[in-house]
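Here is the structure we will look at.
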């Protein structure tokens, strides 16, 4: 039995399950496995009449929204991407009740209407999943915490470029930002 229950003040937020990102290699599970678990969550949320936010990342056509601070690692993206790179995965079967959020940065709150739409619906708890664990999901989770949202971070509905990049936030910061649970635990909590 689950150690928590989710109520009508809960929303699902799915990060970057789009064609271009799902096509990249991920660990400790494939993009297809992450997507399959996210679809289970999405169907359960829809069945309960709870809001679902499908977040995708897409560069602007002129590339002017790309951040360019001095860093040691590579941050460039957006040039030479296939035209369907930012399209959400068809397996999500976008419903008229879903909210599509397009972001230009790592986190889903920066420069988007995600917070506004969550607050308008009285959401207090977000269930968060997607790719990648240590970039888009973690950035969104940190902002959600600072904005005062309770969170459930769905470990087996996430992946990153490496197993280590996936494991580190789950072990170190996610337990300080919310509750880390499995897809099955979340599904039980909705029952």
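Quick look at the numbers
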| item | result |
| --- | --- |
| Matching option when the condition is under 20 Å from residue 38 (Cβ atoms), out of contact with any strand residue (DSSP E or B) (no Cβ under 9 Å at 6 or more places or on another chain) and either in contact (Cβ under 8 Å) with a residue 40 or more places away in the chain or part of a helix (DSSP H, G or I) (or both), among 118, 187, 170 | 187 |
| Residue under evaluation residue 109, criteria (1) in contact (Cβ under 8 Å) with a residue 60 or more places away in the chain; (2) part of a loop (DSSP other than H, G, I, E, B); (3) touching a strand residue (DSSP E or B) at 6+ places or on another chain (Cβ under 9 Å), criterion not met | (1) |
| Among the candidates 161, 104, 142, residue that is without any contact (Cβ under 8 Å) to a residue 40 or more places away in the chain and either within 21 Å of residue 56 (Cβ to Cβ) or touching a strand residue (DSSP E or B) at 6+ places or on another chain (Cβ under 6 Å) (or both) | 142 |
| Qualifying residue in segment 121-130 (condition: touching a helix residue (DSSP H, G or I) at 6+ places or on another chain (Cβ under 8 Å) and more than 21 Å from residue 20 (Cα to Cα)) | yes |
| Yes/no for residue 157 being part of a loop (DSSP other than H, G, I, E, B), modelled with pLDDT of 95 or more and touching a helix residue (DSSP H, G or I) at 6+ places or on another chain (Cβ under 8 Å) | no |
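Here's the yes/no breakdown for (1) at pLDDT 95 or above; (2) farther than 26 Å from residue 119 by Cα; (3) crowded, with 18+ Cβ neighbours inside 10 Å; (4) under 21 Å from the mean Cα position of the chain (by Cα):
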{"position": "10", "(1), (2), (3), (4)": "yes, no, yes, yes"}
{"position": "71", "(1), (2), (3), (4)": "no, yes, no, no"}
{"position": "80", "(1), (2), (3), (4)": "no, yes, no, no"}
{"position": "84", "(1), (2), (3), (4)": "no, yes, no, yes"}
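The values are calculated or read from the model by the stated rules, or taken from the named source; none is laboratory data. The structure displayed is predicted, hence computed values, not measured ones. Positions of Cβ are backbone-derived with ideal geometry, glycine not excepted, and every protein chain shown enters the neighbour counts.
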